[in-house]
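Asks: Once you've had a glance at the structure underneath, I'll fire off some questions.
The values are calculated or read from the model by the stated rules, or taken from the named source; none is laboratory data. On a predicted model such as this, the values are computed, not experimentally measured, just so you know. For neighbour counting, all protein chains shown are included, and Cβ atoms are generated from backbone atoms with ideal geometry for every residue, glycine included. In case anyone asks, the SASA skips ligands and DNA or RNA and just uses the protein heavy atoms, side chains included. Shrake-Rupley method; radii C 1.70, N 1.55, O 1.52, S 1.80 Å.
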Amino acid sequence: MYKGKDRKSGYLFEELFPFGGSLDENNRWLKISSLLPWEELERKYRSYFSDKGRPALDGKLVIGLLLLKHMTGASDKEVTQRLRENPYWQAFCGFDNFVTDEVLNSSSLTKLRKRLGAGYMKELEVLTYKTLIDRKIIRGKGMLVDGTVFPENIKYPNDVGLLNDVREWLVENITKIGKKVGKRYRTYKRTARKKYLKFSKTRRKTRKFIRGSRKKMLQHVRRNIRQLTDAIEAATFPVDRVIKAKLETAREIYEQQMTMHSKNLRRVNNRIVSFNRDYVRPIKRGKAGKDVEFGPKAALTQVDGFLFLDKLSHDNFSEAAEDVVKEQIENYEEKFGKRPDTFTGDQLYGSRNNRKLLEQELEIRSSFVSLGRKSKTKEPDRRVKVLQKERNRIEGSLGTVKEHYGLSRIKYHSKEGAEQWIRLGILGMNLKTALARM
């Protein structure tokens with residue numbers, strides 16, 4: 001149930017200023033707060049709760065804390081602690097009087113993110129950007145496009161380490177369920193642990209040594225899967241569905257690794273590289289130092305210095321595909337009510353289909369160098385050179401959002417959590433950019 005909160009219309013935090021005065025109107029958090037359509041955001045927030053039951057936390061408080069977290073890089077625990085210490089944060093989150101008691105536990109943010117999902121974060125973006133566009137803080141000009149991968153917070157995977165993660169989880173649950181069932185299983189966990197430590201501590205690993213270590217770990221995992229299945233079948237009580245789901249993931253990892261081992265392959269379709277985040281896939285990038293990245297791939301657009309997320313997927317896709325380019329232009333039209341004047345991307349976007357779509361069908365000027373041999377007499381188009389230089393801006397924005405807004409490591413632990421983390425990080429950066437334009 002959501003009741004909402006009556007907002008005070010007079011001076012805020014009067015008890016802090018008994019001799020007159022007020023909060024500084026030029027404070028950055030109050031300025032950013034003035035950019036947000038709070039009434040509409042709270043109305044959308046209300047729709048995620050029923051009319052019955054325990055009253056939910058105030059919408060402005062929850063939305064404010066999520067934005068503050070991603071604008072400052074603080075953890076859930078730290079952001080709730082800072083809220084008690086900072087009157088400007090409390091004003092941002094909808095408080096009328098200064099509060100020193102604990103307002104909410106940090107675990108409440110985790111539960112609310114799960115309830116709201118990625119859908120609310122998208123609505124939050126749409127409503128905020130509409131306000132910024134209506135106030136002419138964002139102006140529809142040409143669009144710069146690019147793609148990138150936002151890495152998940154996982155350790156760099158290897159086959160033996162992945163199998164060991166599976167084995168350790170299996171052994172833990174075999175012991176736990178076995179005790180309740182009254183049955184003991186010989187898991188060989190100490191033997192397997194020694195083999196894994198020998199592998200991990202060996203600095204120079206030959207191909208033969210890696211293959212042998214993987215074979216031994218596969219044998220342990222196969223035994224442990226059989227034992228856990230037996231323990232679940234013997235249980236007279238309901239076994240947690242999370243355990244059953246993770247057991248299926250363990251089986252899938254075993255089958256994939258067994259296929260690669262028996263057929264001497266280096267890859268397999270839909271390969272799982274993390275036991276705890278089984279939705280993560282390896283994304284081949286071919287960049288120096290980052291040949292393969294592990295996380296969702298995104299297609300993004302930059303307009304007037306503001307970054308927008310157009311497409312996100314944990315499966316690899318070509319950001320320069322014609323359908324992705326169409327989707328990006330449609331998103332631009334939806335935001336600004338018109339087509340962009342120019343479309344600027346790297347040479348990957350300069351396919352014949354994209355050139356035909358942009359220049360002939362949509363009549364949008366592109367930044368692509370002409371196809372064919374370079375003319376010895378004709379000077380290169382200066383406009384193309386200028387647009388290609390402007391493309392560096394989106395590269396800079398991607399570097400900034402990764403370095404300063406937490407997108408170099410996605411820490412929300414769920415498939416939808418990755419989209420929430422990315423959308424909130426980009427929105428946080430855009431709000432800071434809007435603040436600089438005020």
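Asks: Which of the residues belonging to segment 330-341 are open to solvent by less than 40 Å² (accessible area, probe 1.4 Å) and in contact (Cβ under 8 Å) with a residue 40 or more places away in the chain?
Replies: Result: 332, 336, 340.
A quick yes/no check of all residues on (1) surrounded by fewer than 20 Cβ atoms within 10 Å (Cβ to Cβ); (2) assigned to a helix (DSSP H, G or I); (3) at pLDDT below 90:
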| site | (1), (2), (3) |
| --- | --- |
| 320 | no, no, no |
| 343 | no, no, no |
| 348 | yes, yes, yes |
| 368 | no, no, yes |
| 372 | yes, no, yes |
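Asks: If you don't mind, there's one more thing I want to ask. Please work out which residue is surrounded by the fewest Cβ atoms within 10 Å (Cβ to Cβ), limiting yourself to segment 143-191 and to residues that are within 25 Å of the chain's Cα centre (by Cα) and among the aliphatic types (A, V, I, L, M).
Replies: 154
Asks: A follow-up question, please. How many residues, within segment 72-88, are open to solvent by 10 Å² or more (accessible area, probe 1.4 Å), assigned to a helix (DSSP H, G or I) and under 23 Å from residue 405 (Cβ atoms)?
Replies: So the count comes out to 9.
Asks: Here is a follow-up. Can you tell me how many residues within segment 294-313 are closer than 30 Å to residue 169 by Cα and open to solvent by 20 Å² or more (accessible area, probe 1.4 Å)?
Replies: 2
Asks: Also: Output the number of residues of segment 255-293 satisfying the condition of being within 16 Å of residue 417 (Cα to Cα) and open to solvent by 50 Å² or more (accessible area, probe 1.4 Å).
Replies: 2
Asks: Applying the selection to segment 149-192, what residues are in contact with a Ser or Thr (Cβ under 7 Å, 6 or more places away or on another chain) and within 20 Å of residue 234 (Cβ to Cβ)?
Replies: Of everything in segment 149-192, those that are in contact with a Ser or Thr (Cβ under 7 Å, 6 or more places away or on another chain) and within 20 Å of residue 234 (Cβ to Cβ) turn out to be 171, 174.
Asks: Now for a different question. So the check is Cβ under 9 Å with 6+ separation or different chains; which pairs have a first residue in segment 43-57 that's free of Cβ contacts under 8 Å to residues at least 40 places away in the same chain and a second one that's part of a loop (DSSP other than H, G, I, E, B) and of a type in the set (Ser, Thr, Tyr)?
Replies: Listed by first residue and then by second, the contacts come to 47/2.
Asks: What about residue 404, is it open to solvent by 80 Å² or more (accessible area, probe 1.4 Å) and modelled with pLDDT of 90 or more?
Replies: Yes; evaluated as a whole, the condition is true for this residue.
Asks: Related question: Which one is surrounded by the most Cβ atoms within 10 Å (Cβ to Cβ), of the residues in segment 99-142 that are among the small types (Gly, Ala, Ser) and under 24 Å from the mean Cα position of the chain (by Cα)?
Replies: Per the stated criteria, the residue is 118.
Asks: Output the residues belonging to segment 177-196 that are at pLDDT 95 or above and out of contact with any helix residue (DSSP H, G or I) (no Cβ under 9 Å at 6 or more places or on another chain).
Replies: Result: 190, 194.
Asks: In the set 219, 227, which member is open to solvent by less than 50 Å² (accessible area, probe 1.4 Å) and at pLDDT 95 or above?
Replies: Exactly one residue qualifies, and that residue is 227.
Asks: Just give me the residues in segment 207-224 being more than 17 Å from residue 189 (Cβ to Cβ) and either free of Cβ contacts under 8 Å to residues at least 40 places away in the same chain or small (Gly, Ala, Ser) (or both), in sequence order.
Replies: Matches in segment 207-224: 207, 208, 209, 212.
Asks: Here is a list of conditions, (1) more than 30 Å from residue 345 (Cβ to Cβ); (2) touching a residue at least 40 places away in the same chain (Cβ under 8 Å); (3) assigned to a helix (DSSP H, G or I), and residue 195 meets all of them except one; can you say which number that is?
Replies: (2)
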